[in-house]
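Undergrad: Attaching a single structure in structure tokens format; questions to follow.
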Amino acid sequence: MSRFIHPFKLGVREVYTTPSIGISFYPEDGQDVDTLIKHADIAMYRAKDNGKNSYQFYTFSLNKEVSRKMDLETSLRKALTNNEFVLHYQPQFDLKSGLIYGLEALIRWENPLNGLVSPMEFIPLCEETGLIIPIGEWVIETACRQSKIWRETGYPFNHIGINVSAKQLRHPGFYY
């Protein structure tokens, strides 16, 4: 891979590449060309996930991991419609007075098949698939509705913090 540090000459231009290479072996990783290519492709995507400019050998655990990711993505696409998301509110305290001055809204996914899915697992997938936009809108709307209810009932806090992704900020419909 060290050869790819240096640029290649294409006519008068210098071109830099960052290859991601997936490797599968016959007969261990597949008995036919289609299976070998599919497994090399799975390994290549793992190499890309690891920061590009690298290679990855196919392993059976990669196949299980990719299958889980695909299943998770399919479930994630249905989660908003199926009301599987919930917000948890973490209090923020004033250290001098000891009083709550605000809350932070934290999204959680209660998947009927997988149970509670870690935000560390599903938030990057939301970013990757673009689902961060509609899910982020849901978070903002839900937190604002809840804040209004709490204010009307007299809860004495000043704000609710909401985590917003860079993709949301760049989205043309972002106006909150």
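Undergrad: Based on this model, can you work out whether K64 counts as open to solvent by 50 Å² or more (accessible area, probe 1.4 Å) and under 30 Å from I140 (Cα atoms)?
TA: No: the conditions fail for K64.
Residues are listed down the side, and each one gets a yes or a no for (1) touching a strand residue (DSSP E or B) at 6+ places or on another chain (Cβ under 8 Å); (2) closer than 30 Å to F8 by Cβ:
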site: K48; (1), (2): yes, yes
site: L72; (1), (2): yes, no
site: K78; (1), (2): no, no
site: E84; (1), (2): yes, no
site: I100; (1), (2): yes, no
site: P112; (1), (2): no, no
site: G115; (1), (2): no, no
site: I135; (1), (2): yes, no
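Undergrad: Counting residues that are hydroxyl-bearing (S, T, Y) and open to solvent by less than 100 Å² (accessible area, probe 1.4 Å), which helices (runs of 4 or more DSSP H) fully inside the range 113-176 reach at least 1? Steps first, please.
TA: Values: elements: 119-129, 132-152, 166-170.
Hits in the range 113-176: 119-129, 132-152.
Undergrad: Can I ask one more? Quickly run through the range 44-61 and pick out the residues that are open to solvent by 90 Å² or more (accessible area, probe 1.4 Å) and under 17 Å from the mean Cα position of the chain (by Cα).
TA: Y45, D49, N50
Undergrad: If G30 meets every condition in (1) within 27 Å of W109 (Cβ to Cβ); (2) more than 26 Å from the chain's Cα centre (by Cα) apart from one, which number is that one?
TA: Against the list (1) within 27 Å of W109 (Cβ to Cβ); (2) more than 26 Å from the chain's Cα centre (by Cα), G30 comes up short only on (1).
Undergrad: Could you say which residue among L95, L103, L76 is more than 28 Å from D49 (Cα to Cα), crowded, with 16+ Cβ neighbours inside 10 Å and modelled with pLDDT of 90 or more? Write out each step before concluding.
TA: On the way: L95 fails: crowded, with 16+ Cβ neighbours inside 10 Å; L76 fails: more than 28 Å from D49 (Cα to Cα).
Being more than 28 Å from D49 (Cα to Cα), crowded, with 16+ Cβ neighbours inside 10 Å and modelled with pLDDT of 90 or more holds for just one of L95, L103, L76, which is L103.
The values are calculated or read from the model by the stated rules, or taken from the named source; none is laboratory data. If you're wondering where the values come from, they're calculated on a predicted model, not measured in any experiment. Don't worry about glycine lacking a Cβ; one is built from the backbone with ideal geometry, like all the others, and counts go over all protein chains shown. Side chains included, ligands, DNA and RNA excluded: accessible areas come from the protein's heavy atoms. Shrake-Rupley method; radii C 1.70, N 1.55, O 1.52, S 1.80 Å.
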